[in-house]
Each structure stands twice: as structure tokens, then as C-alpha cells.
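Working notes, structure below.
The values are calculated or read from the model by the stated rules, or taken from the named source; none is laboratory data. Model, not experiment: these values are computed from the prediction. Every residue, glycine as well, gets a Cβ built from its backbone with ideal geometry; the counts of neighbours run over all protein chains shown. Protein only, heavy atoms only, side chains kept; ligands, DNA and RNA dropped before computing areas. Shrake-Rupley method; radii C 1.70, N 1.55, O 1.52, S 1.80 Å.
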Amino acid sequence: MELGVNVPNFGPGTNPARLRDWARTVEGLGYGLLMVSDHVAITPDVAAQYPAPFYEPFTTLSWLAGITDRIRLGTTVLIAPYRHPLLVARMAANLNELSGGRLVLGIGVGWARQEFDALGTDFHRRGQITDDVLRELRRAWENDKDYGGGDIPIWVGGQSTAGLRRAVRFGDAWHPLRNRIDWLRTAMDRLRAIAAEEERPVPEFAPRILLRLTDGPLPDDDRVAGEGSLDQVLADLDVLRELGARSVVLDPFVGDPAETERPEAAWQALATIAAHTRWENT
């Protein structure tokens, strides 16, 4: 099972030097995947959680590709309705080639209504638009050799029935974000049932989970996967592997933008996990 890290590409402490330090730390600790998030217009609803500066994912990952050697690079998640599908197909294919085939393209429908309005995109049609983008991405990569990109894995986010169906229809993996273990168990049963209805293979399982280590254990009813004592988090990783996860992305951003000015605590948590899971990325 591969372990990855969601690196904050936003917030008051984020700048090129800090992003470089994140990349070198994550790769140096032996993690197999580095992912960043996506926003284009930092409207008030976005800024409340992910304030500026916000580094656009394709340009950020292109730069990080040049200062890393082996780690895979990805989006968690690119908001599909924000860009024309042929533009996404071109940028993703180019980034994959420039990075030596290291791109993972995570895609989701988005949630920030004000950002949709700023970009002139219909918030209420975001699910349909996302389906259209995924369909056009596959078509461009498969039918036009000028685009390339056919070897880029697509991870589809989403937790609703529609999101699970989207992952079955278009994804190489299902990529849920920050959930409880019991919810993920049930959702995997739903995913398999939907795949059977669609007469399609079950996509791989590649969750993103919180990483928040606490001094003592937390009640299981009060925590999501990746939160709690070291033993609890390691047990969560074991359960995710048993559920079929091929990749798990750790998200050390707890929620306060000021964390981006003090990344050392996140780096220490990542080092602790890496020290106890050296086998994960081998």
C-alpha cells in the first residue's frame, strides 16, 4: 500500500520556498505521492477555509516535478467544472510527460458556490459537467495521440451515490476525503453494488484521510480515520489496507490556516508515521 501526503498549497505561510521544503521533506521521508488542492477564484467562501495565496495545482505540480526525483504528483482534487476538458487533457498530458509519467489526476465536482459564480459556471449542474469532463478526457486521450495522457490514473472523488457511480463509470480509483472507518466500510459495499449494477469493474480504493496524532486515544465515535493516538492511526491504515486500499493520502492540515506558517508539527507527524510504516512504499 502506497502512502501519500496532501501538501497545503495555500495559506499565509505558503510560498515557493515553503512548497519546496514540503516537497523535499515528503519525498525524503519516503512517501510515494504528493498531492495538492484546487481553487481558482479565492472568493469569500473559499478564503474562509483556504485563504490566499493559493497556488494553482498544474503550475505548482509542474514546478515541483522539476525539484523532485521519484515521488508521484497529483491533485486532490481538481474541480472539473472550472476548466474546459480539452484544456485539462492537454495540461495533464503535458505535466505527465514532463514529470516522467508521475501524474495522478484526482477530480471532483466542487462545493464553493461563490467561486462557481465568479467563474461563470453553473453550480447546480456541477455533477453533469464533471461527468462530461471525465468523458471528454478519456475520449481525448484515447482517440487523439497528440494529447497523449492515456496512462494517467484518474481518481474520482465524491461521497454521494452519484459520486460513487461516477467513480465506477469513469475512475481508475475512488478517492473519498476525510471519513470515518465505519462509513468507509459501508461505502465500499455500496461501491461494489453499484459496480455490479453498472456491470463494470470495481475501481481501486484510494482514500484521503486526516493525519492528527494525539497524546492519547480518542473515542472511536468522535474521530475520523487518521485521527487519534499513533496506535489508532496505524490500526486505521491496517483496516484501509484490508478494505483494499492501494494508496492512502495523509492530510496533515487540521483546519487552521495559521498551520501553514508552522509546518514543523505536520512534518513531525509525517515522520512518525513513516518511521512505523517503512514497508508501505516499498
* Asked: In region 12-37, what count of residues is obtained for those that are closer than 22 Å to LEU177 by Cα, crowded, with 22+ Cβ neighbours inside 10 Å and in contact with a Ser or Thr (Cβ under 8 Å, 6 or more places away or on another chain)?
  -> 6
* Members of region 43-72 that are over 20 Å from ALA17 (Cβ atoms), assigned to a loop (DSSP other than H, G, I, E, B), touching a residue at least 12 places away in the same chain (Cβ under 8 Å) and open to solvent by 60 Å² or more (accessible area, probe 1.4 Å) -> GLN49, ARG70
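Let me confirm something: among ARG102, ARG70, ARG126, which residue is farther than 24 Å from THR25 by Cα and either touching a His at 6+ places or on another chain (Cβ under 7 Å) or basic (Lys, Arg) (or both)? Before you say what the answer is, go through the steps one by one.
Numbers: ARG102 fails: farther than 24 Å from THR25 by Cα; ARG70 fails: farther than 24 Å from THR25 by Cα.
Only one candidate passes the filter, namely ARG126.
Let's see how each residue does on (1) under 28 Å from ARG20 (Cα atoms); (2) in a loop (DSSP other than H, G, I, E, B); (3) modelled with pLDDT of 95 or more:
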{"residue": "VAL233", "(1), (2), (3)": "yes, no, yes"}
{"residue": "LEU237", "(1), (2), (3)": "yes, no, yes"}
{"residue": "LEU240", "(1), (2), (3)": "no, no, yes"}
{"residue": "VAL249", "(1), (2), (3)": "yes, no, yes"}
{"residue": "PHE253", "(1), (2), (3)": "yes, yes, yes"}
{"residue": "ALA258", "(1), (2), (3)": "yes, no, yes"}
{"residue": "TRP267", "(1), (2), (3)": "yes, no, yes"}
{"residue": "LEU270", "(1), (2), (3)": "yes, no, yes"}
{"residue": "ALA274", "(1), (2), (3)": "yes, no, yes"}
* Just give me the residues in region 216-238 being open to solvent by 40 Å² or more (accessible area, probe 1.4 Å) and either more than 16 Å from VAL249 (Cα to Cα) or more than 21 Å from the chain's Cα centre (by Cα) (or both), in sequence order. => PRO217, LEU218, PRO219, ASP220, ASP221, ASP222, LEU230, ASP231, ALA235
* To do: State yes or no: is GLN128 surrounded by fewer than 17 Cβ atoms within 10 Å (Cβ to Cβ), in contact with a Ser or Thr (Cβ under 6 Å, 6 or more places away or on another chain) and of a type outside the set (Gly, Ala, Ser)?
  => no
* Restricting attention to region 184-195, does a residue exist that is in contact (Cβ under 8 Å) with a residue 12 or more places away in the chain, of a type outside the set (Asp, Glu) and in a loop (DSSP other than H, G, I, E, B)? -> no
* Report whether or not ALA47 is of a type in the set (A, V, I, L, M, F, W, C) and either more than 28 Å from THR161 (Cα to Cα) or in contact with a Phe, Trp or Tyr (Cβ under 7 Å, 6 or more places away or on another chain) (or both). => yes
* Could you tell me whether ARG262 is open to solvent by 70 Å² or more (accessible area, probe 1.4 Å) and under 19 Å from the mean Cα position of the chain (by Cα)? => no
* Asked: Among the candidates ALA167, ALA206, which residue alone is farther than 18 Å from GLU2 by Cβ, of a type in the set (A, V, I, L, M, F, W, C) and open to solvent by less than 50 Å² (accessible area, probe 1.4 Å)?
  -> ALA167
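Kindly establish whether ALA173 is out of contact with any Phe, Trp or Tyr (no Cβ under 8 Å at 6 or more places or on another chain), under 19 Å from ARG246 (Cβ atoms) and either modelled with pLDDT of 95 or more or crowded, with 18+ Cβ neighbours inside 10 Å (or both).
Details: out of contact with any Phe, Trp or Tyr (no Cβ under 8 Å at 6 or more places or on another chain): no; under 19 Å from ARG246 (Cβ atoms): yes; either modelled with pLDDT of 95 or more or crowded, with 18+ Cβ neighbours inside 10 Å (or both): yes.
It is false that ALA173 is out of contact with any Phe, Trp or Tyr (no Cβ under 8 Å at 6 or more places or on another chain), under 19 Å from ARG246 (Cβ atoms) and either modelled with pLDDT of 95 or more or crowded, with 18+ Cβ neighbours inside 10 Å (or both).
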